[in-house]
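Student: Next up is a structure, given as structure tokens.
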Amino acid sequence: MPNKKKGKKKLSTKAAVAMPEISVAASKREETKQLDDVSCLLFGPSDGDTLPFDLPYIGPIELVDQRYSGENENQVVHGRGLIVTRDVLPGECLFVTLAIVSTPVDEVHRRFVELHNGEYSVNDTSSSGYGRELEDITESFLVEQIQTFCKERDTEDVDFMQRTFDSFVSQMSSEDVPSAELDVILADVSLHSDKNVNMELEEETIVNIIRRNAFGPDYHNYDTIADYWTKNADTIQEPAYNRLLGVYPLAAMINHSCSPNAIRIFGTIPASIKTKPLQGREVMIVHASVPMKKGTEVMWSYLPPTTPFNARHEMLESKYGFSCQCNRCVCEKKAMDGREFDQIAKQNIDDSSLPKIIQILEAAFISNSISSEAQRYLRVGYASIYMQYFNAALASPNSTESNDVLSNLLKLAMQLHFSFVSCNNASTEHLSILHLCYELASSMHTRAMTFFPDTTNTTMSQVRFWTEQLKKAHMIRFGSLGENLETVRNVMKHSRAVLRNRGGWYAVKDKFI
């Protein structure tokens, strides 16, 4: 989430060095592969006794204010942000950090159930009301934790987590933040500050900090979670979620772009000897999603990539108070001049109307007056409609009886794949499309082996192509995973189970995506 406060004091930056070649970045990547293996935070450790890195892990990043002073002077969009300190490759781990405060799901679930004494309206067809209640409970719990942090402080021995929290709250609520305090945000555990920030904050200030800088559910939203908890109130054995809301100071420094270059996932510190005091704590893991030159600002999207242009700008203005001017927005705004894409998407959409709507959208996107880059960006903004179309088409009894039908679906899905690569590579939605492409190619190959044996070489090549695309996307989103092929397979199986099956999230043991 964004940090909209602009500190007045200039931060120190490192001395300028020559721009490294990509080969140097690749060499550095070889040295840090073991730091990219976050599989123990997703599935638990294989040896059961340690993590392969110390927490927090801070990679090739630096916190800067206004403008980087090195050779590659990239403007930091909102006054303060993170840049990479060397060339970075896709999938490289930028940092792994703990939540300073987070809401325990079990306790929030208990309060949510108690609010209604376990009884819910059977006539309530929408979970939106309960979702708002759940969000309020979650926020209130986090406010209580922050207030406790503010009051229960050991002034003689302020530990690292407390100092990090103090520094974070200070910078969120003040225009003038000492650079020494910001060093704590970068997890300099050797720093011992004698300064105690005045933490007497109004509840409204804390709520504003949370709403602009905390990170909420990583897969489902509050409405979806509330819907599951209410509909399964009598049978639910466990909440089925491992996180709701947490404050990550370093991550709050990352600014927004609708065409981001970084991606985050959440994991859990496993039970092990070395990390026993922290076991069960949630962590955020951030990887580069595209190649970045030294000095490039680290950016990610505050909104789902499938949000259309107009809706994105309305949400960014209302919730975060700024208008995005990233390359995707500039391209889409120009392409939409005089065109009413949103009006197409706002029509009453049912399964029978989907083929016509897709046809109209594709015809509009492929217009000669719209650049190829803008076409890809626009297509991502309406990807939810395409996904609805794919689901309806595959639900048809005759969907797999013709290779022509499968081929046409695959061509359309391939367009979406390349569109996601252009602006939201390895996003959740992108993984879903990649799994779909693999399934379509596999179905075509199965039919070819029975009915068209002369074409099996071609169909097998398609299966291999999509297998490789899936692997690449997963090793960007989840890092190298130690380049253990079996672990990569497990992650791919896990994401498929979650993304390509109705209720898949509730069927899997591990709760990450």
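The values are calculated or read from the model by the stated rules, or taken from the named source; none is laboratory data. All of these numbers come straight from a predicted model, not from anything done at the bench. Here the Cβ is made from the backbone with ideal geometry for all residues, glycine too, and neighbour counts use every protein chain on show. Ligands, DNA and RNA are stripped out before the accessible areas are found, and what is left, the full protein with its side chains, is counted by its heavy atoms. Shrake-Rupley method; radii C 1.70, N 1.55, O 1.52, S 1.80 Å.
Student: Could you derive backbone 3J(HN,Hα) for region 466-481 from the dihedral phi with the Karplus parameters 6.51, -1.76 and 1.60 (θ = phi - 60°), listing whole Hz in sequence and x where the residue is Gly or Pro?
Tutor: Using θ = phi - 60°, the values come out as 6, 4, 5, 5, 4, 4, 4, 5, 5, 7, 7, 5, 10, x, 5, 6 Hz.
Student: Where does each of 485-493, 139-147, 83-91 land if you order them by average Cβ count within 10 Å, highest first?
Tutor: Order by mean packing, descending: 83-91, 139-147, 485-493.
Student: Same structure again: I need the peptides 297-305, 501-509 ranked by packing, meaning the mean over residues of other C-beta atoms within 10 angstrom, with the highest value on top.
Tutor: Packing order, densest peptide first, comes out as 297-305, 501-509.
Student: Under the definition of Cα pairs under 8 Å and six or more residues apart, what whole-number percent is the relative contact order of region 309-508?
Tutor: Details: 156 pairs, mean separation 28.7, N = 200.
RCO, region 309-508: 14 percent.
Student: Using alpha carbons only, how many angstrom separate the centre of region 261-324 from the centre of region 394-434?
Tutor: Between the Cα centre of region 261-324 and that of region 394-434, the gap is 25 Å.
Student: So if I restrict to the alpha-carbon atoms in region 319-396, what is the Rg, and what is Dmax, the biggest pairwise distance, in Å?
Tutor: Rg then Dmax for region 319-396, in Å: 13.9, 44.
Student: How big is the shadow of the Cα convex hull of region 349-437, averaged over all directions, in nm²?
Tutor: Details: hull surface 22.9 nm².
One quarter of the hull surface, i.e. the mean projection, equals 5.7 nm².
Student: Another one. As a test question: what accessible area, to the nearest 10 Å², does LYS411 have when a 1.4 Å probe is rolled over all protein chains in place?
Tutor: 130 Å²
Student: Still on this structure, please answer the following. Suppose all protein chains stay in the model; what accessible area per residue would a 1.4 Å probe give for region 309-508, in Å²?
Tutor: For region 309-508, the per-residue accessible area is 49 Å².
Student: With every atom except the alpha carbons ignored, what do you get for Rg and Dmax of region 309-508, in angstroms?
Tutor: Answer for region 309-508, Rg first and Dmax second: 18.3, 59 Å.
Student: Spelling out what I want: for every residue of region 371-388, take phi, set θ = phi - 60°, compute 6.51 cos²θ - 1.76 cosθ + 1.60 (Karplus), and round to whole Hz; glycine and proline get x.
Tutor: Ordered by residue, 3J(HN,Hα) equals 5, 4, 5, 5, 4, 5, 4, 5, 4, 4, x, 10, 4, 4, 5, 4, 5, 4 Hz.
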